[in-house]
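The values are calculated or read from the model by the stated rules, or taken from the named source; none is laboratory data. Predicted model, so just to flag it, every value in this text is computed and none were measured. We place every Cβ from the backbone using ideal geometry, glycine too, and count neighbours over all the protein chains shown. These accessible areas exclude ligands, DNA and RNA; they are computed on the full protein's heavy atoms, side chains included. Shrake-Rupley method; radii C 1.70, N 1.55, O 1.52, S 1.80 Å.
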Amino acid sequence: MAEARKPLIGVLCCNEMVQRPAQVAASRFVAPLARVSDACVLLVPAIAAACDTQALTGYLDGLLLTGSRSNVAPDRYGGVGDAGDGTLDPDRDEVALTLAGAMIEAGKPVFGICRGMQEINVLFGGTLSGDNCCGRHLRGGWDDTDYATLFDHRHDVRLIEGGMLAQATGERRLSVHSVHEQAIERLGGGLTVEALSSDDGVIEAVAARPCGADVLAVQWHPEWDVDTSDGSRAFFALIGRALRDG
């Protein structure tokens with residue numbers, strides 16, 4: 001008997017300069033999807049002209065919006081001024097919002113990490129701000145700081161009772177890595193809060209189920225410590241479960 005096909009999850013790339021313009025998706029986002037979620041991964045370029053939204057929505061069983069060195073452009077959510085100190089990636093904005101919206105409407109699960117959570121909040125009509133990122137959250141300076149050092153900082157988040165993450169982990173509090181320059185200002189309509197920073201109440205995770213499939217996103221980086229954190233493994237296990245529920 002032939003083995004059942006593994007679910008196919010799209011992982012959104014970013015536009016970066018690696019000696020030349022390149023599509024980039026950090027391997028640390030991909031590996032847990034294979035090992036923990038037991039999924040097959042398809043990298044999706046952040047180039048609008050290269051992405052047929054209808055075709056991709058038909059092929060994919062789910063989508064992960066990754067973290068990134070770039071920030072969501074303020075004009076995507078009616079913001080004023082710049083988007084913190086980070087660079088912008090307008091093509092990433094376009095592909096992320098268009099493809100995620102189509103996947104959700106098709107009843108397919110969508111997940112977000114860091115920038116991905118911010119994109120999901122914007123997609124649901126919410127706004128972002130760099131002002132919410134106080135010292136324990138603002139861990140920028142990509143060009144001036146050793147990359148791994150950015151993730152040395154940890155802080156606690158409080159999981160909301162009855163939420164997907166609280167039920168999956170069996171915990172009410174997690175110690176996590178947050179590395180970001182934007183945070184949710186106004187929560188998007190239809191999203192529920194899954195976790196809050198224990199220090200200052202910054203929204204750290206959101207969820208929804210608008211069209212019959214899970215939407216789940218976290219501000220922190222579960223891919224960074226998935227080998228040592230039960231909470232991080234639970235996030236990727238939830239992805240695997242949602243991909244198969246459809």
Exercise. Could you list, in sequence order, the residues of segment 172-217 that are over 26 Å from Gly62 (Cα atoms), in a loop (DSSP other than H, G, I, E, B) and at pLDDT 95 or above?
Worked result: Arg172
For this session: Check Leu196, Leu191 and return the single one that is farther than 20 Å from Ala96 by Cβ and under 17 Å from the mean Cα position of the chain (by Cα).
Result: Leu196
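Working only within segment 222-244, note down all residues that are polar (S, T, N, Q) and surrounded by fewer than 23 Cβ atoms within 10 Å (Cβ to Cβ).
Let us first name the residues in segment 222-244 that are polar (S, T, N, Q), namely 228-229, 232.
Hits for segment 222-244 are Thr228, Ser229.
Being over 16 Å from the mean Cα position of the chain (by Cα) and assigned to a strand (DSSP E or B) is true for just one of Ala22, Ala4. Which residue is that? Don't jump to the end; show me each part of the working.
Numbers: Ala4 fails: assigned to a strand (DSSP E or B).
Residue meeting the stated conditions: Ala22.
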Exercise. Just for segment 1-30: of the residues that are of a type outside the set (Val, Ile, Thr), touching a residue at least 12 places away in the same chain (Cβ under 8 Å) and closer than 16 Å to Ile113 by Cα, which one is surrounded by the most Cβ atoms within 10 Å (Cβ to Cβ)?
Worked result: Leu12
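Look at segment 96-126 and say how many of its residues are on the phi < 0 side of the Ramachandran plot and open to solvent by 10 Å² or more (accessible area, probe 1.4 Å).
Taking segment 96-126 as the starting set, the residues that turn out to be on the phi < 0 side of the Ramachandran plot are 96-106, 108-113, 115-124, 126.
With the extra rule that they be open to solvent by 10 Å² or more (accessible area, probe 1.4 Å), the set shrinks to 97-98, 101-102, 104-106, 108, 122-124.
So the answer is 11.
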Exercise. Only one of Gly190, Gly162, Gly201, Gly170 is at positive phi and either surrounded by 22 or more Cβ atoms within 10 Å (Cβ to Cβ) or in contact (Cβ under 8 Å) with a residue 24 or more places away in the chain (or both); which?
Worked result: Gly190
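One residue is enough: does segment 47-59 have a residue meeting the conditions at pLDDT 95 or above, open to solvent by less than 50 Å² (accessible area, probe 1.4 Å) and in contact with a strand residue (DSSP E or B) (Cβ under 6 Å, 6 or more places away or on another chain)? If you could, list the steps in order and put the result at the bottom.
Of segment 47-59, the ones at pLDDT 95 or above are 47-59.
From what's left, open to solvent by less than 50 Å² (accessible area, probe 1.4 Å): 48, 51, 53, 55-57.
When the remaining residues are screened for being in contact with a strand residue (DSSP E or B) (Cβ under 6 Å, 6 or more places away or on another chain), the result is none.
For segment 47-59, residues at pLDDT 95 or above, open to solvent by less than 50 Å² (accessible area, probe 1.4 Å) and in contact with a strand residue (DSSP E or B) (Cβ under 6 Å, 6 or more places away or on another chain): absent.
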